[in-house]
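Since the structure comes first, as structure tokens, the remarks are kept for the end.
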Amino acid sequence: MQVQTVPTQPIEGQLPGTSGLRKKVTVFQVSGYLENFVQSVFDALPGVAGSTLVLGGDGRFFNDVAIQTILRMAAANGVAKVLVGRGGILSTPALSDLIRQRGAFGGLVLSASHNPGGPDGDFGIKYNIGNGGPAPEKLTGAIHQRTLAIDRYLTIAGADIDLGRLGATTLGAMQVEIIDPVDSYARLMQRLFDFDRIRALLARPGFRICFDAMHAVTGPYAHAILEAQLGAPAGSVINGVPLPDFGGGHPDPNPTYADELISRMFGADATDFGAASDGDGDRNMIVGRKFIVTPSDSLAVLAANATLVPGYAAGLKGVARSMPTSGAVDRVAEVLGIPCYETPTGWKFFGNLLDAGMCTLCGEESAGTGSDHVREKDGLWAVLFWLNILAVRGASVEQIVREHWRRYGRNIYSRHDYEGVDAAVAQQIVADLRAALPTLPGRVVAGLTIRRADDFGYTDPVDGSVSRGQGLRVFFDDGSRIVLRLSGTGTEGATLRLYLERFEPDAARHGIDTQAALQPLLDAAEILSGLRARSGRDRPTVIT
Ligand code: G1P
Ligand code: ZN
């Protein structure tokens with residue numbers, strides 16, 4: 001089939017951020033937009049000709065169209081083979097696993113993660129490298145540079161590939177293999193977790209679970225693994241059919257957006273264990289009966305109990321958390337005598353540590369938890385990890401967390417998001433606080449004395465690369481802190497994130513209400529930044 005060279009020109013705003021290129025579907029539908037980005041990826045990748053790539057997405061609107069476009073362009077660019085999940089479906093962690101298992105050159109993930117989908121929703125694309133993880137900044141920078149200079153893309157004419165039929169086919173000279181999206185991932189989970197024990201737990205009389213796939217990509221994975229392989233009764237997985245618009249929902253597993261699961265877990269029909277995942281299956285929320293586990297605590301609990309799970313029985317090499325994530329896991333690392341790394345927000349910073357064998361578990365406060373089994377965070381993995389721990393310990397979710405707090409103390413923690421703030425206003429709020437940082441130590445605000453304030457910077461211990469400006473931090477004398485940063489993943493206006501954390505060593509006070517306990521920090525944040533007054537908001541859009 002003949003390669004067509006299509007003239008094109010640079011389109012503004014194709015800078016891939018921490019999570020790849022993420023824009024409104026309507027932007028991606030502009031002729032040349034997707035093509036420019038994909039061609040820029042191919043142009044920035046020496047060695048892509050003759051290679052094997054993995055391709056799939058979370059099934060959101062435009063997923064199928066994008067896959068056909070990318071396949072034609074891959075064929076025109078001389079790619080030897082593309083593995084595609086049936087129906088165009090691959091969760092982000094499953095794609096990461098496939099790159100690794102099949103020794104692929106890399107892969108393209110089609111998703112806007114937890115952002116809403118549909119014709120008016122978001123779409124996204126990112127490139128993952130041969131270790132299975134997101135492209136490092138050097139490569140995303142090269143891709144971006146290429147989008148600024150691009151003048152042609154390559155494609156071929158050809159009929160659409162039938163994505164529904166498993167097996168091998170060809171497109172021009174390129175092989176296309178449609179694979180089951182779940183198989184390899186499920187085998188990986190079987191190697192890590194004690195499926196027999198989890199099966200026995202799920203068979204215990206009266207023990208029930210509820211997994212909310214939020215009409216996103218984990219539906220097929222959860223049906224296959226939790227129900228078919230582990231024996232959870234049909235109906236344990238809810239909203240299990242991926243839909244192009246996620247059923248109109250916002251597929252982000254937090255107490256606000258996963259309200260169906262939350263009302264169930266707090267109602268008369270509460271199950272013993274509840275969980276949800278996001279659009280592309282890399283995030284997780286863990287819920288007990290009338291009890292929500294914060295992601296920071298979840299990471300700490302997994303670390304503290306890791307040796308109960310076959311895949312981690314030998315112990316952890318180290319742990320890592322993003323800077324805004326609470327310090328709960330630090331306390332576990334200290335007891336275990338293993339290193340704990342504090343990285344900037346975004347999963348890619350964990351990749352180097354995992355590749356270098358410096359850490360085994362990592363996580364973020366934004367409901368991302370993972371390990372060295374892949375190079376992405378992994379929602380269903382976290383669910384299975386929890387089920388394995390519950391099966392071994394025979395305690396409830398709440399008992400496990402409360403016992404953890406008694407042993408290690410509790411990092412009381414909350415994140416307040418102000419979404420859709422005027423971008424200029426949001427940037428000014430951050431700029432003003434940044435400018436004031438050197439004047440803060442010693443000042444007393446809302447009854448709290450400021451000990452130290454900085455803009456978080458990180459030097460990668462593996463490659464020495466430096467990332468600056470990763471979030472404003474204000475530390476107080478009592479060990480509490482606030483963090484303010486601008487989101488890098490929103491697509492409308494700006495999202496300001498305010499993170500509040502206070503350590504409470506006294507087990508007897510563990511009943512206290514989180515938001516009430518953090519009120520002084522909230523007051524301090526307002527005095528220091530004028531966030532609410534200046535953004536015109538009297539409350540956050542989302543509290544997690
Ligand atoms: C958000 C989360 C961050 C996560 C990223 C991608 O980024 O806060 O932890 O890695 O999504 O899932 P943000 O919008 O804060 O830049
Ligand atoms: Zn995601």
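In table form, for the structure just shown:
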item	result
Top-ranked residue in the stretch 321-366 [being hydrophobic (A, V, I, L, M, F, W, C) and part of a loop (DSSP other than H, G, I, E, B); ranked as nearest to Arg415 (Cα to Cα)]	Met323
Scan of the stretch 282-320 for residues that are over 24 Å from Leu472 (Cβ atoms), in a strand (DSSP E or B) and in contact (Cβ under 8 Å) with a residue 40 or more places away in the chain, ordered by number	Arg283, Asn284, Met285, Ile286, Val287, Gly288, Phe291, Val293, Val319
Answer residue from the stretch 78-103, given it is in a loop (DSSP other than H, G, I, E, B) and surrounded by fewer than 24 Cβ atoms within 10 Å (Cβ to Cβ) and is farthest from the chain's Cα centre (by Cα) among those	Gly78
The lone exception for Gly447 - which of (1) under 23 Å from Glu504 (Cα atoms); (2) open to solvent by 50 Å² or more (accessible area, probe 1.4 Å); (3) touching a Lys or Arg at 6+ places or on another chain (Cβ under 9 Å) it fails	(3)
In the stretch 249-281, residue farthest from ligand 2 (Cβ to nearest atom) [restricted to those that are within 20 Å of Gly59 (Cβ to Cβ), out of contact with any Pro (no Cβ under 8 Å at 6 or more places or on another chain) and assigned to a loop (DSSP other than H, G, I, E, B)]	Ala258
Filter result (open to solvent by less than 30 Å² (accessible area, probe 1.4 Å), closer than 19 Å to Asn411 by Cα and either part of a loop (DSSP other than H, G, I, E, B) or touching a residue at least 60 places away in the same chain (Cβ under 8 Å) (or both)) within the stretch 451-489	Arg473, Ser480, Val483
Selection status of Ser184, more than 19 Å from Leu243 (Cα to Cα) and open to solvent by less than 30 Å² (accessible area, probe 1.4 Å)	yes
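Matching residues to (1) out of contact with any Phe, Trp or Tyr (no Cβ under 9 Å at 6 or more places or on another chain); (2) in contact (Cβ under 8 Å) with a residue 60 or more places away in the chain:
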| site | (1), (2) |
| --- | --- |
| Gly13 | yes, no |
| Lys23 | no, yes |
| Gln29 | no, no |
| Tyr33 | yes, no |
| Val38 | no, yes |
| Ala49 | no, no |
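The values are calculated or read from the model by the stated rules, or taken from the named source; none is laboratory data. Values in this document were obtained by computation on a predicted structure and should not be read as measured data. When we count neighbours, we look across all protein chains shown, and the Cβ atoms used for this are built from the backbone with ideal geometry, even at glycine. Note: accessible area is taken over every heavy atom of the protein model, side chains too, but ligands, DNA and RNA are not part of it. Shrake-Rupley method; radii C 1.70, N 1.55, O 1.52, S 1.80 Å.
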